[in-house]
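Report on the following structure.
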Amino acid sequence: MRRAEQTADHGAFTTLDADRALEAAWSADHATERGPLHGLPLAIKDNIHVAGLANTAGSKALSGFVPRQDAEAILRLRAAGAIVLGKTNMHEFAFGATCARGSYGPVRNPADPARFAGGSSGGTAAAVAAGSAPAGLGTDTGGSVRIPAALTGIVGFRPTTRRYPTGGVSPLSWTRDTIGPMAPSVAGVAILDAVLAGDSTPIRIPATQDLVLAVPEHHFTSPLHPHTETVWEHCLETLRRAGITIKPVRLPEIETIGERVGFPITLYEAARQLPDYLGRVTGQDPALCLPQVGDPDVCSAMREFVLDGAPRKVTDLDYKHALQIRERVLLASYAQIFRSADAVLFPTTPAPAGLIETEADQVQLGGVQCPTFATYIRNTEPGSLAGLPGITVPARRADSGLPVGVALDGSPHTDRGLLGIGLLVEQLLGGGAW
């Protein structure tokens, strides 16, 4: 608790639940039965319902909404002995990848407070990276756990979609949304995964000579920021020297998959569940929330695509077509890759964290000014769309400067196996213990 208060200038928390957390810690000290998360304080993203704490989804539009019940995921964590330390700041309504501005101010990167922490789960990532909490929960739609984890130098895990309970979370996309754990190490997220999924399958670290990692050498790896590229090449060489087989692959039509599949699916589904959610929890017309949305880009996107005329923007036919492309192109392509590879390996983000003041909207990549949002979700979005489990681990080097993450996507429902691969890669790249 003291550490969280000392690092308040990072903007990681929207609410610190000091009194209840201390009371729960006292009870844990005197408990006769101890669960796997006994006494562990957790930072919880502010779109996951916690009874008695405001659930703002990063927006003052929801500051008056206080859930009466815990989300199912929170109930499982409490049953295992965990303590809720507080709720964490986020990109408003999960509509972004930076947490650079919003109702509760920017989330600053502990590695360099002038830079954003990433999003949309930036508050949890910053809290864990700063040592304000030993672990926490985010949510991931297109990379919202793994992007901030990579940019702040921690581990973030997206499970196979629907592996964890989905109830009690501010919604965006039922096809893509999932809760995801974040911690300093793979071991930490593996313990949380076991509790959240109710899966005690032992994690096995594979032998390096038996491991085949597929590397998509287009889109995911070009262009890269010079710093990211240097770290990435060092990681590839390290893994090759250890005996891991690196196999080049291609994912067809991947350059347009976000525009053709990702946005239609997300906006169609958001338009059909977010307004109902807003009306239910605020007791008013959802459109009345808009003046209280702090991020002008989020406000504009919600007005155009979610609240006003959304069915005209993404029709039933558009949505059906996007789902067909997802099945025919994306899922089929990944299935082909996993026939001869254990996981897909790539840089989590094409660039390290950008500057809050100047790079929240546009960032330079490959000598060209590019949209920040599209740039940072570029590599994590395809696996999210396919519902794959994915993990990012820090690529630690003595001269690495800003954090860089290396990501692994696995075949659906191979979560514990992917965590084993993550443990191996973390060890080879110099990761630490929880």
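Checked against (1) touching a strand residue (DSSP E or B) at 6+ places or on another chain (Cβ under 6 Å); (2) hydrophobic (A, V, I, L, M, F, W, C); (3) assigned to a helix (DSSP H, G or I), residue 77 passes all but a single condition, namely (1). Would you call residue 258 small (Gly, Ala, Ser), in a helix (DSSP H, G or I) and more than 30 Å from residue 345 (Cα to Cα)? So residue 258 fails the test. Do we find that residue 68 is open to solvent by 10 Å² or more (accessible area, probe 1.4 Å), at pLDDT 95 or above, in a helix (DSSP H, G or I) and closer than 20 Å to residue 19 by Cβ in this structure? Judged against the criteria, residue 68 is not a match. For segment 141-152, the condition of being among the β-branched types (Val, Ile, Thr), open to solvent by less than 10 Å² (accessible area, probe 1.4 Å) and not in a loop (DSSP other than H, G, I, E, B) holds for at least one residue.
Considering each residue of segment 187-202 in turn, none proves to be under 20 Å from residue 123 (Cα atoms), in a loop (DSSP other than H, G, I, E, B) and either open to solvent by 20 Å² or more (accessible area, probe 1.4 Å) or of a type outside the set (S, T, N, Q) (or both). All conditions but one from (1) modelled with pLDDT of 95 or more; (2) under 30 Å from residue 59 (Cβ atoms); (3) surrounded by fewer than 18 Cβ atoms within 10 Å (Cβ to Cβ); (4) not basic (Lys, Arg) apply to residue 277; the one that does not is (3).
Kindly check whether there is at least one residue in segment 87-99 that is within 12 Å of the chain's Cα centre (by Cα) and within 22 Å of residue 197 (Cβ to Cβ). Scanning segment 87-99, I find at least one residue that is within 12 Å of the chain's Cα centre (by Cα) and within 22 Å of residue 197 (Cβ to Cβ), so the answer is yes. Of the residues in segment 408-415, at least one is under 19 Å from residue 140 (Cα atoms), of a type outside the set (D, E, K, R), outside any loop (DSSP other than H, G, I, E, B) and touching a residue at least 60 places away in the same chain (Cβ under 8 Å).
Among the residues of segment 278-329, those that are β-branched (Val, Ile, Thr) and under 27 Å from the mean Cα position of the chain (by Cα) comprise 281, 282, 293, 298, 306, 314, 325, 329. Annotation note: Cβ proximity below 8 Å between a residue of segment 316-331 that is over 15 Å from residue 266 (Cβ atoms) and a residue that is open to solvent by 40 Å² or more (accessible area, probe 1.4 Å) (sequence gap 6+ or interchain) occurs for 329/252; 329/253. Among the residues of segment 84-114, those identified as in a strand (DSSP E or B), of a type in the set (A, V, I, L, M, F, W, C) and open to solvent by less than 20 Å² (accessible area, probe 1.4 Å) are 84, 85. For residue 243, the conditions (1) among the small types (Gly, Ala, Ser); (2) crowded, with 23+ Cβ neighbours inside 10 Å; (3) more than 23 Å from residue 134 (Cβ to Cβ) all hold with the exception of (2). A residue that is among the polar types (S, T, N, Q), surrounded by 18 or more Cβ atoms within 10 Å (Cβ to Cβ), under 30 Å from residue 208 (Cβ atoms) and modelled with pLDDT of 95 or more cannot be found anywhere in segment 362-372. Given the criteria β-branched (Val, Ile, Thr), surrounded by fewer than 24 Cβ atoms within 10 Å (Cβ to Cβ) and on the phi < 0 side of the Ramachandran plot, does residue 344 qualify? Here the answer is no, as residue 344 does not meet what is asked.
For segment 339-348, the set of residues classified as part of a loop (DSSP other than H, G, I, E, B) and in contact (Cβ under 8 Å) with a residue 40 or more places away in the chain consists of 340, 341, 342, 348, listed by residue number. Number of residues in segment 349-394 that are of a type in the set (D, E, K, R), closer than 26 Å to residue 164 by Cα and assigned to a loop (DSSP other than H, G, I, E, B): the value is 1. In summary, helices (runs of 4 or more DSSP H) completely within segment 283-326 and bearing 1 or more residues that are farther than 23 Å from residue 99 by Cβ occur at 310-313, 316-325. Selection of segment 22-50 for residues being within 20 Å of residue 132 (Cα to Cα) and open to solvent by 10 Å² or more (accessible area, probe 1.4 Å) yields 22, 23, 24, 25, 26, 28, 38, 39, 40, 41. Any residue at all in segment 375-391 that's surrounded by fewer than 20 Cβ atoms within 10 Å (Cβ to Cβ) and either in contact (Cβ under 8 Å) with a residue 12 or more places away in the chain or in contact with a Ser or Thr (Cβ under 7 Å, 6 or more places away or on another chain) (or both)? Taking every residue of segment 375-391 in turn, none turns out to be surrounded by fewer than 20 Cβ atoms within 10 Å (Cβ to Cβ) and either in contact (Cβ under 8 Å) with a residue 12 or more places away in the chain or in contact with a Ser or Thr (Cβ under 7 Å, 6 or more places away or on another chain) (or both).
The values are calculated or read from the model by the stated rules, or taken from the named source; none is laboratory data. Every value quoted in this text rests on a predicted model; they were computed, and no experiment measured them. Reconstructed Cβ throughout: ideal geometry from the backbone, glycine too, with neighbour counts over all protein chains shown. Just so you know, the surface numbers come from the protein's heavy atoms only, side chains and all, with ligands and any DNA or RNA stripped out. Shrake-Rupley method; radii C 1.70, N 1.55, O 1.52, S 1.80 Å.
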